[in-house]
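The values are calculated or read from the model by the stated rules, or taken from the named source; none is laboratory data. Remember, predicted model here, so these are calculated numbers, not experimental data. Ideal geometry is used to build each Cβ from the backbone, glycine not excepted, and the neighbour counts take in all protein chains shown. To get the accessible areas, we keep the full protein, side chains included, count just its heavy atoms, and leave off ligands, DNA and RNA. Shrake-Rupley method; radii C 1.70, N 1.55, O 1.52, S 1.80 Å.
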Amino acid sequence: MEEKLKMYEDKMNKSLDVLLSEYASIRAGRANPHVLDKLKVDYYGTPTPIQQVGNISVPEARMIVIQPWEKSLLKAIEKAILTSDLGINPTNDGTVIRLVFPELTEERRKQLAKDVKKKGEATKVAMRNIRRDANETFKKMEKAGEFSEDDQSLAEEKMQKITDKMIEKVDKAVETKTKEIMTV
C-alpha cells in the first residue's frame, strides 16, 4: 500500500514541478533569465538552448545581457527572441544582445495574475484526477482480495491527506507568483 501511495504522490509532485517551471518562465516586470529557458537557437543545424551557446547575466533589475561564445550566433539568438512570445525587442551591439524589460502595465499584471491562477487550477484538477485514479486502483485491489475493506478506506484516507497537502502547495505557489506579479 505504501509504495502505491508513494507512486501517486510522486505523480502529484511532478505536476507541481511542471507548474513551478511554467511560473519561472512568466516575466513579472523584473529580468529573470528563466524566461529564456524555452528558447532554442539554430546552432550548426541543431536546436540548442540559449544557455548553452552563451553567457546570460542580469546586470540590472530590468535587463538581461546575452553574450554568445561565437559572434556568428548573434543573429540566430536575436531571431529566436523575436520569434518567441516574449514580446521584447532585443538590441544587438555587435558583441552582446540586451533585453530591456519594460514596466508591466496594471492591465498586463492583472492578466498575468489571471493566467497564474488558471495554471494553478489546472494543476489542482490534475492532482484530483491522480487521487481519483488512486482510489479506483484501491477499489480494484479490494475487489481482487489484495486489500481488506479497512485497508482500502485507510489507503483512500491517506491519499486524501496527500492530495490536500499538495493542493496547499499549489495554492502557496499561486499566491507567491501573484504577489510577485502585482508588486510594482
**Request:** Kindly list the residues of region 129-154 that lie in the label zone of M1, defined by a backbone N under 16 Å from the point 7 Å along the Cα-to-C-beta vector.
**Result:** 134-154
**Message:** How many angstrom lie between the Cα centre of region 44-98 and the Cα centre of region 132-148?
**Reply:** 52
**Complete:** Helix-only [θ] at 222 nm, the chain, -39500 (n - 2.57) per DSSP H run of 4+, per residue, nearest 500, equals -20500 deg cm²/dmol
**Fill in**
Over 30 Å (Cα to Cα) among K114/K165; K114/K158; K6/K110; K140/K172 -> K114/K158; K6/K110; K140/K172
**Request:** Apply 1/(1 + (r/R0)^6) to the Cβ-Cβ distance of K118 and K143, taking R0 = 45 Å, and write down the FRET efficiency to the nearest 0.05.
**Result:** 0.75
**Relative contact order (percent, whole number), the chain, Cα cutoff 8 Å, 6+ residue spacing** = 23
**Asked** Rounded if a/c is under 1.5, else prolate if a/b beats b/c, else oblate: with a ≥ b ≥ c from the C-alpha gyration tensor eigenvalues square-rooted, which is region 1-123?
**Response** oblate
**Largest-first ordering by accessible area, 1.4 Å probe, given options Y8, Y43** = Y43, Y8
**17 Å reach of a label modelled at D42, 7 Å along Cα-to-Cβ, counting backbone N of region 73-102** = 73-84
**Prompt:** Which aspartates and glutamates, on any chain, are close to K139 with Cα under 12 Å apart, when same-chain ones fewer than 8 places away are left out?
**Reply:** E149, D150, D151, E156
